[in-house]
1. Excluding Val15 itself, what net charge comes from residues whose Cβ is under 11 Å from its Cβ, given Lys and Arg +1 and Asp and Glu -1?
2. For the stretch 4-175, what proportion of DSSP beta bridges, expressed in % and rounded to the nearest 5, is antiparallel?
3. Over the stretch 62-205, what number does the Rg to Rh ratio reach, with both radii from the alpha-carbon atoms and Rh per Kirkwood?
4. Report the one residue of Leu49, Ala176, Phe190 whose Cα lies farthest in the direction of the positive end of the charge dipole of the chain (charges on C-beta: Lys and Arg +1, Asp and Glu -1; origin at the Cα centre).
5. In a Debye calculation with equal point scatterers on the alpha-carbon sites of the chain and no solvent, what is log10 I(q)/I(0) at q = 0.07, 0.08, 0.12, 0.15 Å⁻¹?
6. What relative contact order, as a whole-number percentage, does the stretch 4-175 give when Cα pairs under 8 Å and 6 or more residues apart are counted?
7. Please work out how much length the chain gains when fully extended from Asp55 to Asn119, using 0.36 nm per residue of separation minus the C-alpha to C-alpha distance, in nm with one decimal.
8. How large is the charge dipole for the stretch 113-262, taken about the Cα centre, if only the Cβ atoms of Lys, Arg (+1) and Asp, Glu (-1) carry charge, to the nearest 20 debye?
Amino acid sequence: MSEQKRGLVWLTPRVAYLPGAVNTGLLAGGEGRSVAVDTGIDGEAARKLRRAAEDAGYRIAAIINTHSHADHCGGNRWLQDRTGAPVFCSPLERSTIEHPILEPSFLFSGAAPPPALRNRFLMAQGSRVEAGWVEGLGGEALRSLAGVEAGILELPGHAPGQLGVACDGVLFCGDAFFDPEVVDKHRVPFFADPARGVATLERLAALSLRLVPGHGHPVAPDAAGRAVLDYNRSTLLRLRREVLDLLGEPRTEESLVAALAARTGLEFANEGLYYLVKTSLQGYLSWLADDGLAQSQVEGAKVTWRAVSGR
Ligand SMILES: [Zn+2]
C-alpha cells in the first residue's frame, strides 16, 4: 500500500505524509491542488514538503495546522510567502499562530517571556490565518478545501484547541498521542489539559482510522494501535496518581516539579523543558482540583497544594 516517493509515504492514493522530526501531511485534491497538514518547525521543513508535493504533481493550495506549537506551524510563513496558501486552524490555536509570542508567554504565566524561551522550538514565525473557517466548530465537521474533503475533529489535551484532520480513513492527530519511545523519553509528556487528553485518547481508540501522530509512526486501528493509545492513556493516569501521592504533604508547584522529576528520573536539559513540565503539572493539579481531590491555599507568601483529606 505505501509507496515511497521522494520521502512522501502514500497511505492511500490521496493521502501521504512526509516523515521527519515532525511528520507533515499532504491531502491530494483536484486539478493538482493539495492541502498541507502542518508545516514543520521552519522554512527548511516546509521547503521539503513543498518539494515532495511538487514532485508528486501537486501544489500546496492550503494549510491546516493541528495546533499552534512552533514545531508544527513554524514552516507556515515560508510556505505562505511563496504560495499564498491560506492557513486554517481552530479558533483557540489561531491567536498563537498569528502571534507566536503567546506560546513562550503561555509557559511563563502569561508574562513577557525571557530570552531562554524565545527560541525556534517554542516560538514560530507568525503567519496569517484565514478568518472564519473553523470558527464555531463544535465537535466534528466536514470541510471542503482545494478539492479535498476533510473531516475535522477536536482533539484537545496536548494543546487546548488541537484539531485532527481526517481524509480517506487516515487521521492526522497532531500530538494527541506519542510513540511509546517518545513517551518514555519525555517522562512527563506535554499535556496542557491531561484530563481532556485522556478523553481524546479514548475517543481515538474508538475510531476505525489509521492515525498519524506528529512524532513517530502511524498506527492502524488494530490491537497494536490500541496498545499505543493505551500506553499514552495509562501514562497520563499514572502521572495523575503520582501527583496526588505527592500531595500527602503541602507543597508549592516548584517543589512538586522537583519531586515529580525525581520520581520519574527526569532531568531538565534547558529552561524550556522545565516550563513545559511545570505547565503539565499545573494541568494535573487543575484536574485533581476539579475532581475534588486536591486544593490550593495561600500560606504566608506561598501558594501550596495538598490532597483533600478523607477522599
Ligand atoms: Zn505539540
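Any read-out appearing in this document is the output of simple, stated calculations on the displayed coordinates, not a laboratory observation. Since we're looking at a predicted model, the values are computed, not measured. Cβ atoms come from the backbone with ideal geometry, glycine included; neighbour counts cover every protein chain shown.
1. +1
2. 75 percent
3. Result for the stretch 62-205 is an Rg/Rh of 0.96.
4. Leu49
5. Debye output, listed in q order: -0.28, -0.36, -0.79, -1.18.
6. Once normalised by length, the contact order is 21 percent.
7. So the chain would gain 19.9 nm between Asp55 and Asn119.
8. Roughly 220 debye for the stretch 113-262.
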